[in-house]
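The values are calculated or read from the model by the stated rules, or taken from the named source; none is laboratory data. All of these numbers come straight from a predicted model, not from anything done at the bench. Cβ sites come from the backbone with ideal geometry, for glycine too, and all protein chains shown count toward neighbours. Please note that ligands, DNA and RNA were not included when accessible areas were found on the heavy atoms of the full protein model with its side chains. Shrake-Rupley method; radii C 1.70, N 1.55, O 1.52, S 1.80 Å.
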Amino acid sequence: MSELLVDDADGVRTLTFNRPESFNAFTVTLKVAFLAALKEAAADESVRAVVITGAGRAFCAGQDLKEHIGLLQAGDPAPLHTVEKHYNPIVRELIGMPKPVIAAVNGSAAGAGASFAYAADLRIAGTSAKFLMAFANVGLTADSGASYTLPRLIGHGRAMEMMLLAQPVGAEEALRVGMVNQVVPDDELLSTAHLLAARLAAGPTTAYAKIKEALAAAADGTLEDALEAERRTQADCGATEDHREAVDAFVNKRAPKFIGR
């Protein structure tokens, strides 16, 4: 059985963590497969939006601690390098993906699983969703980009509280503090995520990529950095076929047809 399912429809690629018996916890195999799938989605021009979700009752429980402790007890150095070899590259691919990424969070999202949801562009949560940053409970610090992404979503103070106290945050509270964009009934989660992803896939995806680029530059830089990024990305978008199509459609009072170029 594949630990990662890949499905394409309407320009949307859905990546499903598929270890439901282990709440989709990350083994080395799943981490390698997920990183490869993200790279493939980024490079495939037919993929115009990406949805990430989990099979069964959980989104992702984070690191598979059974595999982790087994490797540690065997003296295998692999667990000590997984952040550098797996988690960091995955976060770079998610944040740098030149097309929209939606996390459809079903059930528990913990540790690296929650972190990857934070790294998506949009998060839709089922009513049963909960987010847990429990690194401290196993004597670890944050990884998978959570120290960067989570404070930018909910603020430094709330992020620190989640990290230190390791208390779960339910779907409605996550919506209230800005951790997720939308909460829907569990049985409507995937259909809602796919509808949104299909809407984005039919849009000006080059512009979406440039929006992501501009916001990323502004998040870490000065006003001048942000203005320069806006100048550069706006010029890039202005030269696209999609921009010309949209302007022509506006003038002629018709709906634009975007091609992503």
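A search for C-beta distances below 8 Å between a residue of segment 26-48 that is closer than 21 Å to VAL83 by Cα and any residue that is assigned to a helix (DSSP H, G or I) and open to solvent by 40 Å² or more (accessible area, probe 1.4 Å), counting only pairs 6+ apart in sequence or on different chains, returns THR27/GLU67; VAL28/GLU67; VAL28/ALA78; LEU35/GLU93; LEU38/GLU93; LYS39/GLU93. Being of a type in the set (Ser, Thr, Tyr) and either within 18 Å of SER115 (Cβ to Cβ) or open to solvent by 70 Å² or more (accessible area, probe 1.4 Å) (or both) is a description that applies to THR53.
State yes or no: is THR27 out of contact with any strand residue (DSSP E or B) (no Cβ under 8 Å at 6 or more places or on another chain) and under 20 Å from ALA109 (Cα atoms)? Yes: the conditions hold for THR27.
Would you mind stating whether LEU200 is open to solvent by 80 Å² or more (accessible area, probe 1.4 Å) and among the aliphatic types (A, V, I, L, M)? Spelling it out, it is not the case that LEU200 is open to solvent by 80 Å² or more (accessible area, probe 1.4 Å) and among the aliphatic types (A, V, I, L, M).
Report those strands (runs of 3 or more DSSP E) wholly inside segment 107-177 carrying at least 1 residues which are over 24 Å from LEU38 (Cβ atoms). Write out each step before concluding.
On the way: elements: 108-110, 122-126, 130-132.
In segment 107-177, 130-132 are the strands (runs of 3 or more DSSP E) which contain 1 or more residues that are over 24 Å from LEU38 (Cβ atoms).
In this structure, VAL184 does satisfy being touching a residue at least 40 places away in the same chain (Cβ under 8 Å), in contact with a Ser or Thr (Cβ under 6 Å, 6 or more places away or on another chain) and hydrophobic (A, V, I, L, M, F, W, C).
Of everything in segment 135-146 that is within 14 Å of ALA110 (Cα to Cα), free of Cβ contacts under 8 Å to residues at least 40 places away in the same chain and among the small types (Gly, Ala, Ser), the residue that is surrounded by the fewest Cβ atoms within 10 Å (Cβ to Cβ) is ALA136.
Could you look through segment 1-24, keep only residues that are over 19 Å from GLY62 (Cα atoms) and out of contact with any strand residue (DSSP E or B) (no Cβ under 7 Å at 6 or more places or on another chain), and pick out the one that is most open to solvent (accessible area, probe 1.4 Å)? Among those residues, the one meeting the criterion is MET1.
Quick one: in segment 111-134, of everything that is touching a strand residue (DSSP E or B) at 6+ places or on another chain (Cβ under 7 Å) and open to solvent by 20 Å² or more (accessible area, probe 1.4 Å), which residue is modelled with the lowest pLDDT? Checked segment 111-134; the qualifying residue modelled with the lowest pLDDT is ALA134. All of (1) at pLDDT 95 or above; (2) buried (at least 18 other Cβ atoms within 10 Å of the Cβ) hold for VAL32 with one exception: (2).
Of the numbered criteria (1) of a type in the set (Phe, Trp, Tyr); (2) exposed (fewer than 15 other Cβ atoms within 10 Å of the Cβ); (3) modelled with pLDDT of 90 or more, the one PHE250 fails is (3). Take the conditions open to solvent by 30 Å² or more (accessible area, probe 1.4 Å) and either among the polar types (S, T, N, Q) or assigned by the TED database to the domain that holds ALA217 (or both) and apply them to SER108. Does it pass? Yes; evaluated as a whole, the condition is true for this residue.
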